[in-house]
Every structure is written in structure tokens, then in C-alpha cells.
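Structure first, commentary second.
The values are calculated or read from the model by the stated rules, or taken from the named source; none is laboratory data. In this text the structure is predicted, and so the values were computed from the model without any measurement. Positions of Cβ are backbone-derived with ideal geometry, glycine not excepted, and every protein chain shown enters the neighbour counts.
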Amino acid sequence: MKIEIFANDAAKSVEVKRQLEKKLAERHFVFDSKNPDIVITVGGDGTLLAAFHHYESQLEKIRFVGVHTGHLGFYTDWRDDEIDDLVISLQSDNRQSVSYPLLDVSVKTRVAGEIKQHLALNESSLRRVGPTMTADVFIGGDAFERFRGDGLCIATPTGSTGYSKSLGGAVIHPDLPALQLTEIGSINNRVFRTLSSPLVISPNDWVTLVPVDPSSSEDFLLTVDSSYYHSNDIAQVSFKISKKKIHFAKYRHNGFWNRVKNSFIGDGK
């Protein structure tokens with residue numbers, strides 16, 4: 001089994017990575033950063049997101065394991081003081097995994113008509129820098145509404161616990177491979193109307209956002225997880241559940257609702 005350890009630059013993470021490398025080398029594990037079977041991330045959810053995007057072209061053959069060195073992360077099952085237990089689990093690996101849905105993001109440019117593809121683990125959003133964003137919203141190819149406001153966010157089930165939740169969206173279990181569309185600062189008055197409610201979209205449907213007057217000199221801001229893309233050349237953006245999934249090694253992978261409880265509620269004391 002080939003291992004890659006993907007850590008952030010924090011001193012604690014660097015030290016945990018060093019200890020892991022030493023312990024795994026003593027047990028004759030092979031290290032391979034180009035074609036790993038297991039990617040161990042050391043840091044937090046941001047580190048795991050970075051590793052996910054680094055290896056997104058190899059997701060079908062990689063399983064991820066997260067070790068957190070700070071606050072409890074949503075995707076990280078192991079604490080930094082449990083690496084001996086993690087090494088034992090790696091030694092007895094049975095190749096089991098748990099998988100989560102991902103989001104395909106397809107951007108069509110206005111001038112050249114090119115299609116640019118992105119993949120998100122958590123969410124993607126379209127916003128406008130400066131004036132209010134106006135965009136036509138299509139669901140499954142059918143016109144749904146004309147949105148006016150700061151922007152729109154489309155999240156995966158696991159991403160429903162992040163930015164989407166802060167916008168008033170529901171928390172969705174990843175066994176339901178659905179999209180969630182939430183509004184960012186929508187305008188609702190006698191002239192402008194939106195549904196003003198989060199939408200849970202079937203995996204058989206897709207969401208398309210078509211900016212009104214895209215030729216404006218004002219930039220649009222497209223986010224894909226933690227990446228940002230400024231452009232005034234966006235004709236439309238489409239979102240759908242990807243055929244790809246992210247796979248986590250199932251050593252002691254915490255159940256989804258336990259993750260939600262640990263992240264937002266704690267032990268209630």
C-alpha cells in the first residue's frame with residue numbers, strides 16, 4: 001500500500017507528519033506522492049480540501065484519512081495524539097471505504113463559448129463584485145425564477161454543513177446525493193420576487209445560472225470550495241451531482257450525524 005502524507009505548514013502538523021513518516025517507514029510502508037493508495041492529511045478540513053483538489057484526477061483509486069492538529073474538523077477522524085492507533089489500522093487495512101457525493105461545476109464563457117470544468121467537495125457559489133447580481137435560475141432545463149441579490153450557493157450534502165448552513169440551508173445526509181441551492185442576500189419586495197427558501201434538488205436534475213447583462217464591466221466572483229475566480233466573461237454556470245465521489249478509508253469513520261453533533265453541538269455540557 002502506497003502512502004502520501006499531505007500536511008499544512010503549521011509547526012504541529014509538520015511534527016505529526018514527521019512522526020507518522022518515521023512510524024510508517026519502520027513498518028516498511030511505501031511512500032508515493034504521485035500515485036498513492038492512501039492520502040493522510042494532517043491539519044484540518046482546509047488541508048483535506050487542498051489534498052482533494054490536488055488529487056482530484058485520481059479519486060477513483062485514492063482513499064483519504066484525516067488527522068486534525070487543531071480544532072475538530074468535519075472530515076478528520078483522528079487526533080494528533082492517536083497516530084499509533086492510525087498506524088495499526090493502516091497495517092490491518094481491509095480496503096473498506098465510505099464515499100461522499102461531489103459537485104460538477106461547468107462554466108461557459110461569454111466571448112469564446114468555452115466550457116471550463118471544476119469539481120467541488122463542499123460548495124460553489126456565484127456572486128457579483130459591486131452591484132446586485134441578477135441571474136435567471138433554471139432547474140433541470142426549465143426556467144424557475146429571476147434572482148436578484150448578492151449571489152447563490154450550491155452545496156453538496158457534506159457541504160450543507162458549511163457555507164450553505166450559514167445561509168439558512170438544511171443539513172443533508174450524504175446518503176442522499178442531492179444538491180442544495182441557497183440564496184445569498186436576495187431582494188424581495190413588490191417588484192422583485194424570489195422563492196426565498198433553500199431548494200433541495202434531485203440528483204437527476206441540474207441547476208443553471210445565467211447572469212443577466214453579462215457584458216457588464218463588473219466582475220462576477222465564482223467560488224469552488226476555497227478557490228476564487230474573478231471574471232466578466234461568464235455566460236452561464238451549471239451545477240450537477242458528479243459521477244465521481246470522494247472515498248475515505250473506513251477504519252473508524254465517524255457517522256455523519258455524529259460528525260454534525262461533534263461539530264456544532266458537542267457533549268451539551
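Within segment 223-235, being modelled with pLDDT under 95 and either in a strand (DSSP E or B) or farther than 19 Å from Thr41 by Cα (or both) holds for Ser227, Tyr228, Tyr229, His230, Ser231, Asn232, Asp233, Ile234, Ala235. Taking segment 108-125 on its own, how many of its residues are surrounded by 13 or more Cβ atoms within 10 Å (Cβ to Cβ) and part of a loop (DSSP other than H, G, I, E, B)? The qualifying residues number 3. For segment 126-143, the set of residues classified as surrounded by fewer than 23 Cβ atoms within 10 Å (Cβ to Cβ), assigned to a strand (DSSP E or B) and either in contact (Cβ under 8 Å) with a residue 40 or more places away in the chain or charged (D, E, K, R) (or both) consists of Arg127, Arg128, Thr134, Asp136, Val137, Phe138, Ile139, Asp142, listed by residue number.
A quick yes/no check of all residues on (1) of a type in the set (Lys, Arg); (2) touching a strand residue (DSSP E or B) at 6+ places or on another chain (Cβ under 7 Å); (3) surrounded by fewer than 17 Cβ atoms within 10 Å (Cβ to Cβ):
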| position | (1), (2), (3) |
| --- | --- |
| Tyr55 | no, yes, no |
| Leu59 | no, yes, no |
| Thr69 | no, yes, no |
| Phe74 | no, no, no |
| Gln96 | no, no, yes |
| Tyr100 | no, yes, no |
| Leu103 | no, yes, no |
| Ser106 | no, yes, yes |
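Within segment 17-62, the only residue that satisfies the criterion of being in contact (Cβ under 8 Å) with a residue 60 or more places away in the chain and touching a Pro at 6+ places or on another chain (Cβ under 9 Å) is Ile62. Flag: Ala120 matches the condition of being of a type outside the set (S, T, N, Q) and under 22 Å from the mean Cα position of the chain (by Cα).
Taken over segment 39-80, the residue count meeting the criterion of being touching a His at 6+ places or on another chain (Cβ under 8 Å), of a type outside the set (D, E, K, R) and part of a helix (DSSP H, G or I) is 1.
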